[in-house]
Structures are given as C-alpha cells and as structure tokens.
1. Order the peptides 159-167, 56-64, 201-209, 415-423 from the highest to the lowest mean number of other Cβ atoms within 10 Å of their residues.
2. Note the angle between two axes, namely the Cα long axis of helix 496-512 and the longest principal axis of the Cα atoms of the chain, as a number of degrees from 0 to 90, rounded to the nearest 10.
3. Taking the chain as the reference, fit the longest principal axis to its C-alpha atoms, fit the long axis of helix 445-461 to the helix C-alpha atoms, and give the angle between the two in degrees, 0 to 90, nearest 10.
4. Given R₀ = 30 Å, what would the calculated FRET efficiency be for residue 511 paired with residue 299, taking r from the Cβ atoms and rounding to 0.05?
5. Arrange the following residues from fewest to most other Cβ atoms within 10 Å of their Cβ: 73, 600, 590.
6. The range 580-615 to the range 32-48: how many Å between their Cα centroids?
7. Compute the angle between helix 219-231 and the longest alpha-carbon principal axis of the chain, please, reported from 0 to 90 degrees and rounded to the nearest 10.
8. Order these by the 10 Å Cβ neighbour count, fewest first: 470, 451.
C-alpha cells in the first residue's frame with residue numbers, strides 16, 4: 001500500500017522539493033482518497049530531518065500510527081481508514097536527537113479554537129461559484145483604470161454581539177457587506193484571517209496558513225462571504241504574511257527539530273522585533289509552501305488580491321537586524337527574498353492576471369511595481385507610506401506652523417508616478433499612542449472635523465488608489481482597540497453623523513468621476529496648478545481622465561482662513577460648477593449656499609489659457625467640474 005501511495009504522489013513530491021509545486025495543499029494535509037474502491041484518509045507531511053513521524057487523533061484513540069518516508073524525499077505519509085471529518089489530530093515528530101515533540105499539521109484547513117490547538121480533519125467542499133458577473137467585470141476593466149477605494153477591516157473587532165461573541169463570516173455577510181455597499185466602497189481588505197493563537201497579534205503571527213481563524217468560521221463560510229460580496233460588486237482582499245511566522249513550539253517553528261521553514265542561520269531566522277521567525281525564502285520547499293498558499297486563497301477562495309505584509313523584511317538583510325551579514329556582493333539585499341517575490345508574482349500573474357498583488361513596502365526600493373521581466377518585483381500596487389507619513393505629520397501641526405511645513409504636502413508630486421500606488425491610512429496609524437485620525441487634528445471639534453474632511457477629500461483627489469481603516473468614517477476619537485468593537489455610538493453625536501454622510505458622499509463621487517481613477521499611475525493624469533503657495537497653504541491641481549472633457553479641478557485650503565478671490569487656471573473657456581464643497585452644512589460645515597457656477601475669464605493663469613475667480617472657504621476642499629466648455633468635443 002505504501003508503494004501504491006507513493007506512486008500516486010511522487011511527481012508532486014519532486015516538484016515540491018524543487019520549489020515548483022504550486023498546489024502543495026493538494027498533496028499535504030489530510031485528504032479523503034479512493035484507492036481500489038476503498039476510502040482512506042491520506043495524511044502527508046514534510047519533515048526532512050525527522051527520525052520518525054506518527055499521527056495521533058480521535059480516529060485512533062490518540063495512539064500513534066507511524067507514517068512512512070518516501071524514498072528519502074523528506075515527505076512522510078500514511079493511509080488510514082475509519083477517519084471522519086471533524087475529528088482532531090496532531091503529529092508526533094521524533095527528532096534526530098531522539099526528543100519527541102507534538103506538532104500541528106502545517107497544511108490543515110481547520111483547527112480547534114485557542115487555547116486548544118489540534119488540527120481537524122476537514123477539506124473545504126467543492127463550490128459552484130455564482131460570481132461570474134464580478135469576474136467578467138474584472139477582466140473587462142484594468143485594475144489600474146478602475147476605482148479602488150478599500151475599507152480595511154479587522155474582522156473580530158468591527159462589530160461584536162451584545163454578549164461579546166465575535167461576528168462570524170455569516171454575521172459579516174448580513175452586516176458588513178450591506179454597510180460597505182451603502183457606504184460605496186469598492187473593496188474590503190481584511191487584516192490576516194488565517195489561524196493564529198493570540199488575538200493581540202491581530203493575525204500577523206500565523207500558525208495555520210491554510211486555515212481560517214476558528215473564531216470566525218471555516219473555509220466554506222468564508223467562500224460564502226466572498227461570493228456574497230462579489231454579487232454586490234465588492235472585491236475582497238486579505239493581508240498575507242509570507243515573510244515571518246509564529247514561533248510557538250507546537251506550530252511551524254523548527255518543525256522536525258532542525259531549521260525547516262526558517263533560516264538555518266540564527267541571525268537570519270530570529271525576528272526579534274516581532275518575536276517571530278523568518279521564513280527561509282531561499283529554500284525550495286518553503287517557496288512551494290508559500291506560493292501554493294497564495295494561490296490557494298486566490299483560486300480556491302476567489303480572493304481578488306493579497307496585500308503582502310512586511311515586504312521590506314524580505315528585501316533587506318539588515319531590516320531590524322543589527323547582526324546582519326552582507327550578501328556575496330557585499331551589500332544588504334536579501335537575494336533569496338527578492339527571487340522569491342519575483343517568482344511569487346510571476347506565478348500568480350501567469351495563472352491569475354487580474355489579481356491585485358499589493359506590497360506593504362516602507363522604503364524607496366526601486367521597481368516594486370515594475371514587471372519582473374524588467375527587473376522589478378512584479379507587484380501591481382504599492383502602499384505609498386511616504387505620502388501617508390508626510391500628510392499625517394502635516395495635519396497634526398498647529399495651523400500657524402502649517403505654512404512652513406507646506407512641502408510635506410507637495411513633495412509627493414515629485415515621485416507620484418515612480419510606482420503604482422495605494423494611498424493608505426491603515427490600522428498602523430491609529431494604535432500604540434499614535435491617536436485616531438480625529439485625535440491627530442488640532443482645535444475644537446468643529447475644526448477637527450473640518451480638517452478630517454479636508455484630509456479625506458485631498459486623499460480622494462490625489463493620484464493613487466485609496467485605503468482607509470475601519471472607524472475613520474465615523475470620526476472615532478479613540479484609538480483602535482483589537483479587543484473592542486468600533487465606537488458606533490459616536491454616530492449619535494453632532495459632527496460624527498454629518499461626517500459619516502460626507503464620507504458616503506465622497507465615496508459615491510469617487511466612483512462616478514473617471515478623472516479620479518482612470519489615470520492614477522500616469523503623469524498625464526495630473527496637472528499641478530499651484531504647489532508653491534506656502535503663505536496661504538493652498539494646493540490646486542487638475543485630475544484628468546482619458547477623455548479631454550473628463551477632468552476635475554481641486555483646490556485644497558489647509559488653513560482656517562477664507563479666500564474670497566482665489567484665482568485658479570482652467571484649460572477651456574466656459575462654465576465650471578462646484579461638485580464638492582467640504583464646508584457644506586450637511587457635512588458639518590457652515591456653508592449653506594447652493595453650489596456656485598463660475599464663468600471663465602480670458603486671463604491666463606497657472607500656465608492655463610483661462611481662469612476663474614472663486615471663493616475658497618476656510619479649511620476646505622473644492623472640486624470643480626466643467627459644466628459647459630468650448631474647444632473640446634470628446
């Protein structure tokens with residue numbers, strides 16, 4: 001029987017060991033198979049330096065059944081009858097030194113809820129997906145030319161039941177999807193959903209890469225959620241952590257008693273900053289494990305993209321590592337990490353060309369979103385951390401200090417098209433004493449919310465796709481707390497409810513106006529009008545869509561000072577109307593007049609042939625759009 005089993009999987013074992021098995025989850029873990037008319041549960045695990053491997057579980061009364069290693073491949077397997085879905089199991093690993101340890105199954109698709117840690121016999125069921133219209137939409141329109149406005153969510157703290165229980169995926173279908181639809185976001189991005197033992201890690205210290213956090217539900221429930229989102233034309237993205245993993249002794253850490261998934265050199269394996277272990281990205285089997293995992297979530301669960309966490313940790317040998325050793329070129333590049341990321345993106349885009357592969361990369365590394373064939377890393381999008389840091393630093397200043405710090409806002413125009421960017425106000429910016437977005441601003445509540453409206457309107461019109469963390473849209477004052485739901489009661493307060501309506505209005509406008517998203521990554525999508533106005537701290541520019549008539553003029557005033565006669569240049573003669581004024585009373589401002597329409601004057605200004613003179617309210621952003629213009633026919 002062992003020889004028969006090996007004959008059915010030997011080709012996959014070979015590919016796994018050379019780093020090219022991209023469906024490793026079909027080989028490893030537990031799977032029910034039919035052999036010669038008999039149904040067995042097949043258990044297969046990788047433990048290359050183990051002296052022996054056994055499986056224990058409910059099905060054998062927790063008495064070990066020994067696995068067989070197949071021809072010194074490092075892969076062990078067994079066929080067992082009388083195994084049932086839902087039963088718990090673990091592996092016993094006999095290490096080279098004779099010590100015996102108990103481990104999870106790295107490929108298990110379900111686990112007990114912490115603090116219990118057994119793997120569970122389970123395989124997600126085949127599904128007849130009903131999201132064809134969404135999939136066709138993705139193929140019809142390039143992601144770079146579509147509106148992407150992401151609502152980042154920590155699933156277990158968005159909302160909770162009255163008794164404190166977490167919302168499951170079925171609960172989120174009922175509550176989160178309608179809310180996202182109502183607020184007009186385009187995508188949900190979940191912080192890591194994979195199995196992890198400690199809620200305090202927010203999901204970034206993973207133990208079960210092929211399983212969902214057991215407090216939320218199983219893979220079948222998650223697929224129901226993804227399908228329900230897609231049927232409402234909402235994309236689903238998940239944070240994915242391929243650089244490092246949880247060092248708990250029962251999981252991947254030193255799995256067979258030797259460095260297995262981690263680097264063999266202690267200074268490379270030990271990630272002291274995060275208390276984790278770094279994957280050995282140069283090891284062929286680890287590449288098979290991780291790339292297969294990415295494809296598992298994208299293909300089996302129909303995720304629209306992965307936000308790859310901590311890319312800098314995979315690119316630099318000296319990233320938070322004072323004991324680093326240079327590579328053979330004598331520099332600090334992690335050559336194995338670079339090769340892994342290029343292989344990952346090449347494989348993903350070869351099989352799934354409409355995927356959103358997003359890099360959370362915090363340095364000025366050149367070519368993160370450049371194609372692999374052009375010596376880039378091959379991501380589609382990169383978080384613009386520099387823009388985020390500069391912008392948040394600026395809005396936290398006292399008004400009298402903003403004029404002298406004006407370049408914090410305008411510096412991004414120098415590199416806005418070096419990569420294909422997402423502009424992120426993420427969870428990392430509202431924890432650990434950094435304050436909520438509202439808490440970062442200065443002044444009384446009126447001025448705080450006025451600045452928040454300026455911040456969000458500026459985000460929406462600046463080149464780049466958009467991301468905001470949950471809670472920002474209600475103007476929550478408290479920092480995010482992973483153990484508590486959002487402060488939904490704030491929506492009963494003045495300014496919060498108006499701000500919530502403002503965000504809904506802004507999101508709707510963003511999806512409607514092609515100028516705001518069609519040419520995000522192209523320099524021709526931006527015409528800067530006024531980026532040197534340090535005295536007034538006003539920035540004005542044009543966002544241009546593909547068609548000449550599709551453009552929006554943005555005027556952002558970052559000081560609490562009204563300007564009654566602000567002149568702005570425009571490209572065509574005619575009439576222009578205001579389509580957004582962040583100071584309208586329905587948004588929480590003081591502006592009660594109807595939206596103005598301005599007629600151009602034959603006064604060239606800001607390198608444009610015509611201009612208009614308009615009133616710019618204190619702490620505000622205006623969007624102007626052509627109403628009736630001449631000299632353009634498309």
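1. 201-209, 415-423, 56-64, 159-167
2. 90 degrees
3. Helix 445-461 and the main axis of the chain meet at about 70 degrees.
4. 0.60
5. Working: 73 16, 600 22, 590 11.
Neighbour counts put them in this order, fewest first: 590, 73, 600.
6. Taking the Cα centre of each part, the range 580-615 and the range 32-48 sit 70 Å apart.
7. So the helix axis and the longest Cα principal axis differ by about 30 degrees.
8. Lowest to highest Cβ neighbour count: 451, 470.
We did not get these values from a lab; they are worked out from the coordinates using the rules stated. Since the model is a prediction, treat every value here as computed from it, not as a measurement. Quick reminder, even Gly has a Cβ in these numbers, built from the backbone with ideal geometry, and neighbours come from all protein chains shown.
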